[in-house]
Amino acid sequence: MRFLTAGESHGPKLLGIIEGLPSGVHICQETIDESLRRRQQGPGRGGRMAIEQDAAIILSGVRGGLTTGAPLALEIENRDWANWREIMAVGAEADFTSRRVSAPRPGHADLTGSLKYRTEVRNILERASARETAMRVAVGNVARQLLAALGVEIRGRVLQVGRVKAQLRDDAEYWARVRASAWSVGDAEAEAEMSRQLEDARREGESLGGIMEVQALNLPPGLGSHAQWDRKLDGRIAQAVLSVQAIKGIEFGLGFEAGKRPGSLVHDPILYEKGKGFRRAGNRAGGIEGGMSNGEPILVRAVMKPIPTLYKPLPTVDLETKAAVEASVERSDVCAVPAALVVLENVLAWTLAEAVLEKFSSDSFSELEKDWQDYIRYLAAQ
Ligand code: EPS
C-alpha cells in the first residue's frame, strides 16, 4: 500500500491518493471528518483554523461504503484559497509581489528550500506548511478504519508542553479524560498550567513545542521483519513520524532511558501460558523487538519543536539586500502539540496497516480477516 499527497497551503485543495487497499473495507467519511476536526482544535491554534472547516471528499475507490480495491482518492478544500487566488494563480496572471517573503524564518524550510530549488520562498513554504498534515490525517484515518475492523485500537496523549509535564495513569477513566481534554492530557492541574503558559507565550510572541505518546493496542507479533533494513517496523514508524512537520525525535518504550540502565533492567522477560501462548512480563521494549512487533502494545513517543514562525522574530538576512533583518511573520499557531498528536495517531495507523497488509493476504478484507484469525489461533496454540 502506498500514498501520495499534493497541494499548497493556500492553493485550492489538498489531494491524496491511496493505492493497494483491499476491497471490502468499510470506510466512513464521517469518521475521517471527525479526525480532521480534532486536528483543527487545541488551545494554541492560530487564525487559519477559524477559516477552515476541514472535510474529506472521497472521489474514487469506495462504493456503497466499501472499498473496491481501486485507488482511493481524497480531496480537502482550502477555504482560505478564496483570499489567495491572485497570489496562487496557476497562469501568468499570478501576483508575485503581494505577500512576498524575503526574510526567511530560522527553523523553517524557507532558506534552504529557496536555495535548493532556486525559487522564491513562498513556493517553498506553501508546500512545507503543516497544512499538508490535514491530508496525512485523512489518508491515515482510512488505514485506521481498516485496523479498527481487525480490533486494533490507536490512542494518544500529550505528555508535556513546554515546561509543563502531565501526570500519567492508565485506567479507563483517565483515558476518557484524555479524549475529552483540549490539551489531550488527563490531568486537570497540568491542563490549567499549560493554558497559563500558552497565554504567556502568546503575549511574549513565543511558540511552544511538546512531547506526545501514541499507542497501538491488540496487534499480533510478527509485523515488520528482522531480515532487511527497510522492513524493520521501528525504522518504518520512525521514518513516518519524523516526516511530520516539526517532529525532531522519537523513542520506543523506554527509549533513551535504555542507554542508562543495565540490560537486566531493559529487556522484558518472556512468559508462557498454555492455551494463550507467549507474552512479556512488561513492555519496556515498546512492543517492538528485532524490527518486529512482539504482541505487546506499540508505544511511540515523539517531540515537536516550537513552530518557527515567531511574532517576536529572530534575526535573519534579507535574501535580496543581504541586510540583517527580522524574520518574516506569517500567521501561525502559538502551540500545535494537541493537533500534532492527532497527526501522529493517524500516521502510525498508516505504517501499521501497511505492515498488516504485507504479513496477511490483502486483496480483500474477507481474506485478510480469515488469515489474521488463523494466525491468532496458531499463536494461541503454541
Ligand atoms: C496549518 C495551516 C497553516 C498554519 C500552520 C498549520 O496555515 P496559514 O499558513 O494559512 O496560517 O496555520 O502551519 C504552520 C504554522 C507552519 O509553519 O507550517 C494547518 O492547517 O494545520
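The values are calculated or read from the model by the stated rules, or taken from the named source; none is laboratory data. These numbers come from a predicted model, not from an experiment. All Cβ positions, even for glycine, are placed from backbone atoms using ideal geometry, and neighbour counts span all protein chains on display. We work out accessible area using only protein heavy atoms, side chains counted, and drop any ligands, DNA or RNA first. Shrake-Rupley method; radii C 1.70, N 1.55, O 1.52, S 1.80 Å.
So here's what we get for this one:
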| read-out | value |
| --- | --- |
| Charge dipole magnitude, Cβ of K and R +1, D and E -1 - the chain, Cα centre, debye nearest 20 | 620 |
| Exposure of Ser60 as accessible area (Å², to 10), given a probe of 1.4 Å and all protein chains | 40 |
| Helical segments meeting 30 Å axial Cα length and Kyte-Doolittle 0.5 threshold in the chain (DSSP H) | 337-359 |
| Ser332 long-range amide H proximity, modeled H, under 5 Å | Gly47 |
| Reachable lysines from Lys322, criterion Cα separation under 27 angstrom, eight or more residues apart if same chain | Lys116, Lys312 |
| Within the accessible area of the range 139-178 (1.4 Å probe), percent carbon and sulfur | 48 |
| Over 23 Å between alpha carbons, listed pairs Lys232/Lys359; Lys232/Lys274; Lys276/Lys359 | Lys232/Lys274 |
| Residue (of Gly20, Ala70, Gly107) at the positive-pole extreme of the range 18-130, dipole from beta-carbon charges | Gly107 |
| Value of relative contact order over the range 212-295, rounded to a whole percent, pairs C-alpha under 8 Å and six or more apart | 41 |
| Highest average packing first - 335-341, 78-84, 152-158, Cβ atoms within 10 Å | 335-341, 152-158, 78-84 |
| Computed over the range 78-214: relative contact order in percent, which uses C-alpha pairs under 8 Å that are six or more apart | 17 |
| Relative contact order, percent, the chain [alpha-carbon distance under 8 Å, six or more residues apart] | 23 |
| Volume per residue that the Cα convex hull of the range 79-165 spans, once the total is divided by residue count, Å³ | 179 |
| Magnitude of the charge dipole, the range 289-379, Cβ model with Lys/Arg +1 and Asp/Glu -1, debye to 20 | 440 |
| Placed amide H near Leu159: partners under 5 Å, 5+ positions off or other chain | Ile211, Met212, Glu213 |
| Segment Cys28-Asp170, length gained on full extension (0.36 nm per residue, minus Cα span) | 48.2 nm |
| Candidate lysines for bridging to Lys305, where Cα separation is under 19 Å - those fewer than 8 sequence places away on the same chain excluded | Lys165, Lys248 |
| Environment charge of Leu21, counting only residues whose C-beta is closer than 11 Å and scoring Lys/Arg +1, Asp/Glu -1 | -2 |
| Simple label model, 7 Å out from Cα along Cβ direction - Asp371 to Glu320, nm | 5.8 |
| Positive-end residue, the range 195-241 charge dipole about Cα centroid, Cβ charges, pick of Ala201, Val241, Asn218 | Asn218 |
| Cα-projected label distance for Ala381 with Val329, points at 7 Å along beta-carbon direction, nm | 6.8 |
| ³J(HN,Hα), Karplus 6.51/-1.76/1.60, whole Hz, each residue of the range 156-165, x for Gly, Pro | x, 8, 8, 9, 7, 10, x, 8, 9, 9 |
| For the chain, accessible area per residue (1.4 Å probe, heavy atoms of protein chains only), Å² | 48 |
| Within the accessible area of the range 191-286 (1.4 Å probe), percent carbon and sulfur | 55 |
| Surface share of carbon and sulfur [accessible, 1.4 angstrom probe, percent] for the range 311-382 | 54 |
| Cα gyration tensor shape for the range 1-147, rounded if a/c is under 1.5, else prolate or oblate | prolate |
